[in-house]
Amino acid sequence: PAAPAAAPPPPAPKPAAELDQLKYFEGSWRCDGKQPAGPFGPEHPYKSSFKMKRDVDNFWIALEYEQKKSKLHPTPIKAKGFVGFDSVGKKFVTIGVDNTGGWISESSTGWEGDKLVFAGEGSMMGQKVTFRETYTKKGDKAFNWMGEMKMGKDFISVGSDDCKK
């Protein structure tokens, strides 16, 4: 008797089409930032850059963020992470790490007009933190990033960057 036909292999997974909603961010961005007065010192300006590109066979967007060291900004942040789309939870997800040993895990339901908000939890300077990042489109080649951390009951700004391609 003939052997039963083998089942065909399952189709290879495809990157989530929803990631195309973030194509706007792909590329290199130069930014002018401001750290407000607060737990990280007095208010001061800084320069920074964002780089975003598709990675891991196009299933993720790799993100690199780096602030420039200066006399006014002696402890710049460097961070790396990935943004993807969770097809089960139907939301964008991001994971990130920085040069202070901190990490975050956030999610977003997607664009609301020109705003994209990621929120979640992580660890910074040995403490659990609730974090929120808001990206606001300012035209085809500019956006604002604002990072906020929950201190007590309220969110406080930890920085804001105006970025241009």
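Measuring between alpha carbons in the structure, the pairs from LYS34/LYS165; LYS14/LYS78; LYS71/LYS138; LYS71/LYS128; LYS115/LYS150 lying more than 26 angstrom apart are LYS14/LYS78; LYS71/LYS138; LYS71/LYS128. Each 10 Å bin from 0 upward holds the following percent of the Cα-Cα pairs of the range 63-105: 26, 39, 23, 9, 2.
Placing unit charges on the Cβ atoms only, positive for Lys and Arg and negative for Asp and Glu, gives the chain a dipole magnitude near 420 debye about its Cα centre. Each label point was placed 7 Å from the Cα along the Cα-to-Cβ direction; for ALA62 and THR136 their separation is 3.1 nm. Here's the picture: charge each Lys and Arg Cβ at +1 and each Asp and Glu Cβ at -1 in the chain, and of PHE155, GLY27, VAL56 the one pushed furthest to the positive end of that dipole is GLY27. Applying the Karplus relation 6.51 cos²θ - 1.76 cosθ + 1.60 with θ = phi - 60° to the range 143-158 yields 3J(HN,Hα) values of 8, 10, 10, 10, x, 9, 10, 7, 10, x, 8, 10, 7, 10, 6, 10 Hz, where x marks Gly and Pro. Remark: the chain carries 63 Å² of accessible area per residue (probe radius 1.4 Å; ligands, DNA and RNA excluded).
For the residues THR136, THR109, a 1.4 Å probe over the protein chains yields an accessible-area ranking, largest first, of THR109, THR136. Here the chain has 56 percent of its accessible surface on carbon and sulfur atoms, given a 1.4 Å probe and all protein chains in place. Taking the Kirkwood radius as Rh and the Cα radius of gyration as Rg, the chain has a ratio of Rg/Rh equal to 1.10. Hydrodynamic analysis of the range 1-68 uses the Kirkwood radius over alpha carbon pairs. Inserted into Stokes-Einstein at 4 °C and 1.567 mPa s, it gives a translational diffusion coefficient of 81 µm²/s. Here the mean projected area of the convex hull built on the C-alpha positions of the range 86-132 is 3.7 nm².
Using every pair of distinct Cα positions in the range 25-100, the Kirkwood expression returns a hydrodynamic radius of 13.9 angstrom. Counting only Cβ charges, +1 for Lys and Arg and -1 for Asp and Glu, the dipole size of the range 95-165 around its Cα centre is about 100 debye.
The values are calculated or read from the model by the stated rules, or taken from the named source; none is laboratory data. Please read all numbers here as calculations on a predicted model, not as lab measurements. Don't worry about glycine lacking a Cβ; one is built from the backbone with ideal geometry, like all the others, and counts go over all protein chains shown. Please note that ligands, DNA and RNA were not included when accessible areas were found on the heavy atoms of the full protein model with its side chains. Shrake-Rupley method; radii C 1.70, N 1.55, O 1.52, S 1.80 Å.
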